[in-house]
Amino acid sequence: METAAPPPAPVDAGSWADATVTPVSAPAWGEPLPDDVLRLELSGEQVRLGAETFTPARDAARLAERVRGRDVLVAVEDADTFLAQVSDALAVLRAQAAEVWLQHPDAPVAYRLVLRDEQGFRAWLDEVAPGKLRIIQRADGFELSTSVGKLPGPDRNGPSVPVRGGRQDIATLRRELARLKTRFTTSDDLCLVPSFGTEVVQVARALGGTYVAPEEGLFDTLCLVYPTPRSAPDAGSP
């Protein structure tokens, strides 16, 4: 009598081998680039607006004058510009700009954002509403959290959507967010909370995971949480 073959061993999706697998390519979806906006380019701790260059940590008032009441499209010149370096610029935009868009680095699409500092994010979390969906963007992947807890990943101690082959897994992020949306059908806003050492270009790529087709976002409002500047600039905020 033949001996039955043993069942295959379960695959540990959180193993080293799986982490080296290149993620499935995901199209860069979003909204068309907005018209009639000021284009503000980030590079390290400096920003450029037309022919003018600003260091927002010391030029906040001058930058505020230029962006006050205007729609602003933020682009990133330097792939090594980190979120912690642009907190002063984002604080000015939050206080003074009419609308803020962040451009995707790989495609002519952008994302309209509500900017929140750490205090604003805590106030949003304290609101009584179902869902409170948020993406915690970590070096090792995306942690998806809701008002009822964290979405488990392949490794219960790791992120919900781990990095694959050293790259963000936007395709899986998109799929898992779509699943969450079917559960929290009335949740129309989502906050992206990157670690402060995250490159801004990676922030923009992550926002692409909130779209399931061109111009078809899962959420009406996208919030970006940025680190509170060391000393908040006096930008004439209320």
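How many residues does region 121-149 contain that are in contact with a helix residue (DSSP H, G or I) (Cβ under 8 Å, 6 or more places away or on another chain) and surrounded by fewer than 18 Cβ atoms within 10 Å (Cβ to Cβ)?
Final tally of qualifying residues: 1.
Give just the number: which of (1) under 17 Å from the mean Cα position of the chain (by Cα); (2) farther than 17 Å from L207 by Cα does L90 not satisfy?
Every listed condition holds for L90 apart from (2).
Have a look at L144, L173, L125 and point out the one that is among the aliphatic types (A, V, I, L, M) and closer than 30 Å to A60 by Cα.
One residue alone meets the criteria, L125.
Among the strands (runs of 3 or more DSSP E) contained in region 21-66, which hold 2 or more residues that are open to solvent by 80 Å² or more (accessible area, probe 1.4 Å)?
Ranges flagged: 46-49.
Mind checking which residues of region 178-216 are out of contact with any Pro (no Cβ under 7 Å at 6 or more places or on another chain) and among the aromatic types (F, W, Y)?
Y211
Which is within 25 Å of Q85 (Cα to Cα) and buried (at least 16 other Cβ atoms within 10 Å of the Cβ), of V161, V200?
So the residue among V161, V200 that is within 25 Å of Q85 (Cα to Cα) and buried (at least 16 other Cβ atoms within 10 Å of the Cβ) is V200.
The values are calculated or read from the model by the stated rules, or taken from the named source; none is laboratory data. Source: prediction; values computed, not measured. Virtual Cβ from ideal backbone geometry, glycine too; neighbours counted across all protein chains shown. Areas reflect the complete protein model, heavy atoms only, side chains present, ligands, DNA and RNA absent. Shrake-Rupley method; radii C 1.70, N 1.55, O 1.52, S 1.80 Å.
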